[in-house]
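Worksheet: the structure to be examined is printed underneath.
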Amino acid sequence: MNNRRNFLTGAGAITAVVATAAVSRVAMAALPEAVMQTKPDTMAPLVPSTGRPYNPVITLNGWTLPWRMNAGVKEFHLVAEPVVRELAPGFKGHLWGYNGQSPGPTIEVVEGDRVRIFVTNKLPEHTSVHWHGQRLPNGMDGVSGLNQKAIPVGKTYVYEFVARRPGTFMYHPHADEMTQMAMGMMGFWITHPKAKHPLIDEVDRDFVFLLNAYDIDPGAYTPKIMTMLDFNIWSWNSRVFPGIDPLVVRKNDKVRIRIGNLTMTNHPIHLHGHEFLVTGTDGGPTPKTTRQYEVTTDVAVGQMRQIEFLADEEGDWAFHCHKSHHTMNAMGHDVPTLIGVDHRKIVKDITNVIPDYMVMGERGMADMAEMDMPLPDNTAKMMTGEGPFGSVEMGGMFSMVKVRKDQKPGDYKDPGWYKHPAGTVAYEWTGALPDPARFASEGGQSMKAQNMPAKEIEVQVRKPVRGGKDAHSGMKH
Ligand SMILES: [Cu+2]
């Protein structure tokens with residue numbers, strides 16, 4: 001009865017009329033099982049065994065929520081709750097999420113499906129779920145206070161609507177959003193087309209992940225929720241490199257990757273070795289005339305982007321956010337640039353006082369990846385990840401698209417490192433070197449020091465004369 005009462009008061013008068021019949025059916029049946037997931041692995045795509053068929057997506061370091069069919073309605077059960085998420089091996093976050101994980105499970109339905117989602121609130125405060133990008137009755141849009149009462153602690157609310165347009169969507173709370181999204185509450189939603197769609201191609205592999213960000217002090221477990229800009233954990237599906245699984249594909253597969261951004265800044269997502277088309281946005285599939293080949297696409301805050309390419313080049317291709325600070329793990333941002341600074345004298349003085357003192361950065365920051373500095377417990381190294389040729393010196397929003405000709409269809413297992421054919425890897429030159437072409441400047445290789453200004457310079461600022469002559473061109477405005 002609780003469900004029924006909450007549903008009716010929450011949904012408002014208009015949708016209550018639509019939902020009355022559904023609610024009585026709901027009241028007869030027990031809640032669908034709340035399926036939980038505690039492992040951060042990439043789970044195999046969930047091939048639909050009931051409902052209409054579709055080609056399932058694969059959620060990077062995530063999973064798809066199973067459903068049950070109830071008189072033609074697809075029923076899901078989301079549980080909003082505190083979770084422990086492994087962000088990378090050896091680094092855990094105390095987050096909030098759904099069904100044991102942050103982000104929550106991906107929800108996959110087919111265009112035209114009637115969907116009923118039970119949302120149980122096990123958080124310490126009220127919540128709601130907004131179905132980002134969907135066409136639905138206003139009372140199902142999930143903005144607490146505006147479209148419904150917030151779901152109180154311990155209660156279950158029901159959302160019900162028809163998935164009207166195919167595409168890529170997200171879900172997240174619209175109640176104390178700042179806290180709940182900073183804590184990791186979000187998930188993906190895919191509506192597959194009901195029939196062959198002129199703008200939606202069939203693909204061999206269809207990956208999805210969310211861009212999210214946290215501010216977790218080294219050694220701490222809980223994100224700081226008041227942070228607006230200076231995040232230190234830049235993650236995909238609440239994982240950071242080297243904890244993000246590779247996107248494994250078979251050579252000549254047609255690949256789709258769907259990316260949603262629920263951080264507070266934009267992320268230019270960059271793929272190596274291939275060109276892709278942006279085939280879909282928040283609004284659905286893009287018209288074919290607007291598509292152009294890209295190697296980087298910016299995913300702005302609150303946006304979804306869907307890219308497609310033919311994976312016809314074998315190898316381990318880097319795939320990452322192009323903001324270089326976003327491919328780093330936690331670091332102190334107030335570290336000064338020390339390149340070229342000679343520390344020998346000062347280090348000697350400091351080690352008299354602090355024997356363990358270590359200076360960083362006078363040759364660049366690559367030392368960070370090579371040195372095994374003692375870190376506080378539960379801290380991801382800033383630059384890390386061991387590749388076949390040494391440290392990859394990355395963190396954060398970085399993974400790889402691994403293209404293999406012998407990868408079996410439907411096999412997503414990591415094939416290990418790419419074995420380069422002989423003679424196709426950059427190598428050291430040990431022969432005689434030709435003189436490099438170099439701009440012959442007066443100061444040689446380095447910039448000549450100049451004392452500027454040599455003498456005092458007077459600057460005159462002249463205001464343009466309105467309606468008069470332009471001093472530079474003599475033209476009348
Ligand atoms: Cu970024």
Find the accessible area per residue for region 107-166; the probe is 1.4 Å, ligands and nucleic acids are left out, and the unit is Å².
-> 34
Calculated P(r) of region 23-177 - Cα pairs past 20 Å, % | 50
Share antiparallel - DSSP beta bridges, region 208-341, percent rounded to 5 = 90
Let me have the relative contact order for region 59-118, percent, based on Cα pairs under 8 Å that are six or more residues apart.
-> 38
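Packing-wise, with mean Cβ within 10 Å as the measure, how do 286-293, 411-418, 423-430, 270-277 rank, highest first?
So the order, starting with the most tightly packed, is 270-277, 411-418, 286-293, 423-430.
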Region 83-166, relative contact order [Cα under 8 Å, separation at least 6], % | 31
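From Cα pairs below 8 angstrom and at least 6 apart in sequence, can you work out the relative contact order of region 242-314, rounded to a whole percent?
Relative contact order here is 47 percent.
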Proximal charge balance of G154 [Cβ under 13 Å; K/R count +1, D/E count -1] | 0
Distance in Å, no decimals, from the C-alpha centre of region 86-131 to the one of region 212-285 is 17
Amide hydrogen neighbours beyond the local backbone of L87, cut-off 5 Å, H modeled = K92, G93
Cα-centre dipole for region 44-164 with unit charges at Cβ (Lys and Arg positive, Asp and Glu negative), debye to 20 | 140
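The values are calculated or read from the model by the stated rules, or taken from the named source; none is laboratory data. Just so it is clear, the model here is predicted, and its values are computed rather than measured. Glycine gets a Cβ as well: all are built from the backbone with ideal geometry, and neighbour counts include every protein chain shown. Side chains are part of the model used for accessible areas, which takes the heavy atoms of the whole protein and leaves out ligands, DNA and RNA. Shrake-Rupley method; radii C 1.70, N 1.55, O 1.52, S 1.80 Å.
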